[in-house]
Structures are given as structure tokens and as C-alpha cells.
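The values are calculated or read from the model by the stated rules, or taken from the named source; none is laboratory data. Predicted model, so just to flag it, every value in this text is computed and none were measured. Cβ placement follows ideal geometry from the backbone for every residue including glycine, while neighbour counts extend to all protein chains displayed. Each accessible area value is taken on the protein alone, full model and side chains, heavy atoms only, with ligands, DNA and RNA left out. Shrake-Rupley method; radii C 1.70, N 1.55, O 1.52, S 1.80 Å.
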Amino acid sequence: MKFRAKTEEISNIEQLVRVCSSISKMTQLCVLRISEENMFFILNDKVVHGGVWCQMNPNNFFEEYRMEGLGEDCNEIYLEVTPEDIVQALKTGQIAAKSLKIKLTKKLSPCLTFEIDLPSQSGRVQTFIHDVPVNVIPKRLWSDYKEPLVPQFDVSVTMPPLKSLKTVTERLKNLGSYMEMSANHNGEMRMRVETEQVTVSVNFKDLEVVHVDSGSSQSQSQQDHPGRFYGAKVDIKNLLMFLSGQLLNPTRIICNIVENSAIHCFLIQEDVSIQYCMPVVHQ
């Protein structure tokens, strides 16, 4: 297996730091999947905080990008990594690096080696090397890290700006531990906390509804009753962890809801997308 990537753009290094920092806020350990077309950070559904699927187009981050997997029929690499270790390595070159190289190496154990060229006061270039230990995932376990299957949602809406969502969620967290997130086909979204003492509901209107063509009877029912809310209850800490960890500036945040079953958040930016399958609370 071989992997090598290089960039000479500071903006690319800064964006890599933001992506990896966002992932590190959600998990201490994840899998980096490397293919010819894409790179992925994956936290599978078996982890209590839910599934995370971050997809990056390497052409938007590196001027050079080469990899060789196990063979033509399985030309991929799966590595278990600690995102925070990658962040610390990248931060060395976040401000003034002349170039960044990332390679898969074999030292005492497999490593992602970060080589960062920095200018010195004498005008010479200094190279800083960071070896981040990784575990190679065997092919027999690759199926555990497939992209999550997306069910047919009852409703999909484009959520309010990230800053507004974080502010509302932080305030609701002071009232209770759980929150019902719901939306309808009129472009309305509701975040509600209900306790024995108080019920507080925050409503958003005029949101974009993401329509999916379907000939099912369920879809017809949704068209006949567009004002019906579909929702599910989640732990506020899980939602706040996801929102607070985002250092990106997504162009859209889509919330997909299956009644009492699933909350699926989808952050979309030009060069990266993050899916978060939030655990649903059944009470």
C-alpha cells in the first residue's frame, strides 16, 4: 500500500485543520478511508454518539495525490487514526508553511508522516516531521465502514444558519436533557423541550423543503397534509456536540427526519460534506 499527497497552498492546510478539528470534536478515534477519488473520515454507527461520514475531494486539498491499495479490485486504504494527532501535526504549518507532504510510512509501526517545510529567519527552509501512528484495517473489516444507507425520509428541510442553531440548542440545554426535532412540508421546523415544569418550543419558518420524487402512498399523504410535523427525540448533548464542533462554514445544512426513528444531518460545503446520523431516544 502506498499513499502520498502534497500541497503548497496555505489555504488548503488551513481547511484541512478545520475539517480534522471538526472531526476531533466528535470522536477520539475514527477511520480514514483513502480511495482514488475521495478521502473519508468515518465513525460508524456502533459508537454511542452516532455515525459520522465526512467526505473530501482530494483535488480540492492537494496539488499532488497518489495512492495504491491492495489491488485493482480493492484499490483503497483503511486506517484507524486519532484526529487530534493529525490536527496537532498540521498546525505546525498552518501559518507560514511553504509545503505540506503526507505519506503512509512504516517506522516501528505504520504511520502517517507529515513533512512540513517552513522558512527560517536565515532564509533557509526547515523541515519538520511528525509521525502519527495508525492502525491498518484489514480488508475483512472494510464492510463495517460503508456509507450509511439512507432510508426514505418523511421530511427533509434546509436548516437555519449554524450560528442560530447553536445559540438555540445551548439555551434549550439549560431546560432539559432531551429535545424533539420536527419539521413539515410547509418549510417549518420545531425544536421543543418538554419537562414536568415547562414546555419550550422554538419555531423556524420559511425553510427550503428538499423534495424527493416518490410514487408511494406515504408521499401522497405528505402532499395532502403538508402541515403535519414529523419528528424524533434526541439527546441535546449529541446535537450540541455536532454543532459546536463545526469549524467549517457550510453552504447548506439539511435535516432529514424519519418519524420516531432517525435524525440525519447533512452539512454541505464546496470541498467537503459531513453526514451525522444522530441516535434517537425512545421514551
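Considering (1) loosely packed, with under 15 Cβ neighbours inside 10 Å; (2) touching a His at 6+ places or on another chain (Cβ under 7 Å), say which one Cys277 fails and leave the rest.
(1)
Taking the condition of being outside any strand (DSSP E or B) and either small (Gly, Ala, Ser) or in contact with a Cys (Cβ under 8 Å, 6 or more places away or on another chain) (or both), how many residues in segment 201-215 meet it? Give the derivation first.
Kept after step one, since they are outside any strand (DSSP E or B), are these residues of segment 201-215: 205-208, 210-215.
Add one more test, that the residue is either small (Gly, Ala, Ser) or in contact with a Cys (Cβ under 8 Å, 6 or more places away or on another chain) (or both), and what stays is 214-215.
Result for segment 201-215: 2.
Please determine whether any residue of segment 99-110 is among the β-branched types (Val, Ile, Thr), within 20 Å of Glu63 (Cβ to Cβ) and modelled with pLDDT under 95.
First, the residues of segment 99-110 that are among the β-branched types (Val, Ile, Thr): 102, 105.
Now restrict to residues that are within 20 Å of Glu63 (Cβ to Cβ): 102.
Applying the additional criterion that residues be modelled with pLDDT under 95 yields none.
No: zero hits.
Looking only at residues that are over 14 Å from Ile263 (Cα atoms) and open to solvent by less than 10 Å² (accessible area, probe 1.4 Å) in segment 161-183, which one is modelled with the lowest pLDDT? Reasoning before the result, please.
Residues of segment 161-183 that are over 14 Å from Ile263 (Cα atoms), as a first pass: 161-177.
Then keep just the ones that are open to solvent by less than 10 Å² (accessible area, probe 1.4 Å); that gives 165, 169, 172.
Numbers: Leu165: 90, Thr169: 93, Leu172: 93.
By that ranking, first place goes to Leu165.
Output the number of the condition that Ser122 fails; it satisfies all remaining conditions of (1) part of a strand (DSSP E or B); (2) of a type outside the set (D, E, K, R); (3) farther than 25 Å from Thr27 by Cα; (4) open to solvent by 40 Å² or more (accessible area, probe 1.4 Å).
Result: Ser122 passes all but (1).
Could you list, in sequence order, all residues of segment 249-263 that are in contact with a strand residue (DSSP E or B) (Cβ under 7 Å, 6 or more places away or on another chain) and closer than 27 Å to Asn59 by Cα?
Result: Pro250, Thr251, Arg252, Ile253, Ile254.
Only one of (1) open to solvent by 10 Å² or more (accessible area, probe 1.4 Å); (2) closer than 20 Å to Pro151 by Cα is not met by Glu270, so which one is it?
(2)
Which of the residues belonging to segment 215-246 are open to solvent by less than 50 Å² (accessible area, probe 1.4 Å), more than 21 Å from the chain's Cα centre (by Cα) and at pLDDT below 75?
Hits for segment 215-246 are Ser216, Ser219, Ser221, Gln222.
Any residue at all in segment 193-209 that is more than 23 Å from Asn238 (Cα to Cα), within 23 Å of the chain's Cα centre (by Cα), open to solvent by 90 Å² or more (accessible area, probe 1.4 Å) and touching a residue at least 12 places away in the same chain (Cβ under 8 Å)?
yes
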